[in-house]
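The values are calculated or read from the model by the stated rules, or taken from the named source; none is laboratory data. Fair warning: this is a prediction, and the values are worked out from it, not measured in the lab. FYI the Cβ positions are ideal-geometry reconstructions off the backbone, even for glycines, and counts take in every protein chain you see. Accessible surface is based on the protein model in full, side chains and every heavy atom, while ligands, DNA and RNA are left aside. Shrake-Rupley method; radii C 1.70, N 1.55, O 1.52, S 1.80 Å.
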Amino acid sequence: MKITRTSLSDRVAAELQAMIRSGEYKPGDKLPTESELMEHFSVSRITVREAVRKLRTMNLLEVRQGDGTFVKALTPNSFMKPLLSMLSLDKENLRDVFEVRLVVECKAAELAAQRATPEQLENMRQLLQGMEESIAAGAPEQYNEKDMLFHYEIMKSSGNRIIAAIGDMIVSMIKESISASISPPNALENSIRFHKKIYQAIADQDPAGAVSTMQQHLEGGASYIESI
């Protein structure tokens, strides 16, 4: 079977990724030069560059012009970011988005009620205030933005880096699902009511209440999507 350049670059990228994960190359380490990598893997310069490009896309490497290629610090998002291309959103996928949100955000609310710091609670409170101001100003797009940030703040407040990384990855889809689910009459007023209850449960360190209210809030949005 003929081995294509693409499969070679995939192999080189996989081997470099394994070296990074094993600690052979640590965060901050400079990779060998292109010529050295070419010799080590017995491949062309184009193949090495394509492999490095793949790892840069995965947020594992950074190229500093005139200085070389360096290993970046490993985070959950480093490995999850490549999944984003598989999660492109269209209207048919909104139900799937709400199902994911139910799984992730209910747990995030539960953990936030146990772990949120005073600063994170203040961030949520300010976002709620901004949402109310957006309603008063008749600015739904501004409301959507604050709404998305409120949910993202809860995921960050969970104290779980994986949940925070998922939030970072899907914030654009969260915003799209919010926008699609606030069309019914009085939707913004109902939405802010739920957000206040979610915030209060988290501030009161009431995990069960936070989960229950978040579930009701998201299921309401999912039901509306189903109805249309």
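When the stretch 20-31 is limited to residues that are of a type outside the set (G, A, S) and touching a strand residue (DSSP E or B) at 6+ places or on another chain (Cβ under 9 Å), the one that is modelled with the lowest pLDDT turns out to be I20. For the criterion of being of a type in the set (D, E, K, R), modelled with pLDDT of 95 or more and assigned to a helix (DSSP H, G or I), K146 fails.
In the stretch 55-69, of all residues being surrounded by fewer than 20 Cβ atoms within 10 Å (Cβ to Cβ) and in a helix (DSSP H, G or I), the one that is modelled with the lowest pLDDT corresponds to T57.
Residue-level check: of (1) buried (at least 16 other Cβ atoms within 10 Å of the Cβ); (2) modelled with pLDDT under 90, V12 misses just (2).
Under 17 Å from the mean Cα position of the chain (by Cα) and either free of Cβ contacts under 8 Å to residues at least 12 places away in the same chain or over 16 Å from A109 (Cα atoms) (or both): is that true of K175 in this structure? Full working, then the answer.
Values: under 17 Å from the mean Cα position of the chain (by Cα): yes; either free of Cβ contacts under 8 Å to residues at least 12 places away in the same chain or over 16 Å from A109 (Cα atoms) (or both): yes.
Yes: the conditions hold for K175.
Of the residues in the stretch 32-47, not one is of a type outside the set (K, R), modelled with pLDDT of 90 or more, loosely packed, with under 12 Cβ neighbours inside 10 Å and closer than 30 Å to K156 by Cβ. Here the condition is being at pLDDT below 85, under 15 Å from the mean Cα position of the chain (by Cα) and part of a helix (DSSP H, G or I); of D168, D96, it holds for D168 alone.
Yes or no: K107 assigned to a helix (DSSP H, G or I), open to solvent by 20 Å² or more (accessible area, probe 1.4 Å), under 18 Å from A165 (Cβ atoms) and at pLDDT 85 or above? When the stated conditions are applied, K107 passes them. When the stretch 200-228 is filtered for residues that are open to solvent by less than 60 Å² (accessible area, probe 1.4 Å), over 18 Å from S179 (Cβ atoms) and in contact (Cβ under 8 Å) with a residue 12 or more places away in the chain, the ones remaining, listed by number, are A201, I202, A203, P207, G209, A210, V211, T213, M214. Sub-6 Å Cβ pairs linking a first residue in the stretch 117-130 that is in contact (Cβ under 8 Å) with a residue 24 or more places away in the chain to a second residue that is aliphatic (A, V, I, L, M) and in a helix (DSSP H, G or I), at least 6 apart or interchain, are L121/A203; L127/L149, ordered by first then second residue.
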